[in-house]
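Enquirer: Attaching a single structure in structure tokens format; questions to follow.
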Amino acid sequence: MNYWLMKSEPNEFSIDDLERKTTEPWDGVRNYQARNMMRDQMQLDDQIFFYHSNCDVPGIVGRMTVVKTAYPDPTAFDPNDAHYDPKSDPEKPRWYLVDVGFVEKFSRTISLAELKQHSALSDMSLVKKGNRLSVMPVTPTQWQFILNLLSS
DNA sequence: GCCAACGTTGGC
DNA sequence: GCCAACGTTGGC
């Protein structure tokens, strides 16, 4: 079992959207590092923090799981889709995604500002300057530490 | 294979 | 809206 954090802009897709829909294909990722983690490492039932980026209070807002392991991202083949990539050949797909399932929305947002205050989390690339990865691994220790912040 | 130019991300 | 950081592209 692995732990992850995935970012989404709430304008585009929020934790509330996921709660309403229950599951969702995490499409549109066009970054090789992020793709590799989804395609090569994510397993069924892996745990994922849902992170809201590019909004008033960026931070972790809830929890989800992998409900379907990697398969080719269909939006890459759709010329009408905002994430269309003509270089992704259906015979040899360039982009992959996983399906995620809603677990819970946290009682509060664990903001980026709060996460940055804890030295226990200083190794997370999330809190490092210039980080732009939209999918990143979380260690079991970090995972538990962050969950504990909810009850403090 | 280098690297400048460009586009995107995302906090502030 | 600004801009720093970073990834990607493409000329050479």
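Enquirer: Filter the strands (runs of 3 or more DSSP E) completely within segment A:1-118 down to those with at least 3 residues that are away from DNA strand C (no atom under 16 Å from the Cβ) and over 19 Å from A:L133 (Cβ atoms).
Expert: Working: elements: A:3-8, A:23-25, A:47-52, A:59-72, A:96-111.
By residue number, A:23-25, A:59-72, A:96-111.
Enquirer: Something else about it: Taking A:N2, is it open to solvent by less than 60 Å² (accessible area, probe 1.4 Å) and without any contact (Cβ under 8 Å) to a residue 12 or more places away in the chain? Give the derivation first.
Expert: Working: open to solvent by less than 60 Å² (accessible area, probe 1.4 Å): yes; without any contact (Cβ under 8 Å) to a residue 12 or more places away in the chain: no.
So A:N2 fails the test.
Enquirer: Kindly indicate whether any position in segment A:58-68 is more than 13 Å from DNA strand B (Cβ to nearest atom), open to solvent by 50 Å² or more (accessible area, probe 1.4 Å) and not basic (K, R).
Expert: yes
Enquirer: Identify the single condition in (1) within 16 Å of DNA strand B (Cβ to nearest atom); (2) without any contact (Cβ under 8 Å) to a residue 40 or more places away in the chain; (3) of a type in the set (A, V, I, L, M, F, W, C) that A:C55 does not satisfy, given that it satisfies every other one.
Expert: (2)
Enquirer: If A:A82 passes every condition in (1) of a type in the set (A, V, I, L, M, F, W, C); (2) surrounded by 12 or more Cβ atoms within 10 Å (Cβ to Cβ); (3) closer than 27 Å to A:D40 by Cβ but one, which one does it miss?
Expert: Of the numbered conditions (1) of a type in the set (A, V, I, L, M, F, W, C); (2) surrounded by 12 or more Cβ atoms within 10 Å (Cβ to Cβ); (3) closer than 27 Å to A:D40 by Cβ, the odd one out for A:A82 is (2).
Enquirer: Kindly list the number of the only condition in (1) in contact with a Gly (Cβ under 8 Å, 6 or more places away or on another chain); (2) more than 12 Å from DNA strand B (Cβ to nearest atom); (3) hydrophobic (A, V, I, L, M, F, W, C) that fails for A:I48.
Expert: Unmet for A:I48, out of (1) in contact with a Gly (Cβ under 8 Å, 6 or more places away or on another chain); (2) more than 12 Å from DNA strand B (Cβ to nearest atom); (3) hydrophobic (A, V, I, L, M, F, W, C): (1).
The values are calculated or read from the model by the stated rules, or taken from the named source; none is laboratory data. All of these numbers come straight from a predicted model, not from anything done at the bench. Neighbour counts are summed over all protein chains in view; Cβ atoms, including those assigned to glycine, are modelled from backbone coordinates with ideal geometry. Side chains are part of the model used for accessible areas, which takes the heavy atoms of the whole protein and leaves out ligands, DNA and RNA. Shrake-Rupley method; radii C 1.70, N 1.55, O 1.52, S 1.80 Å.
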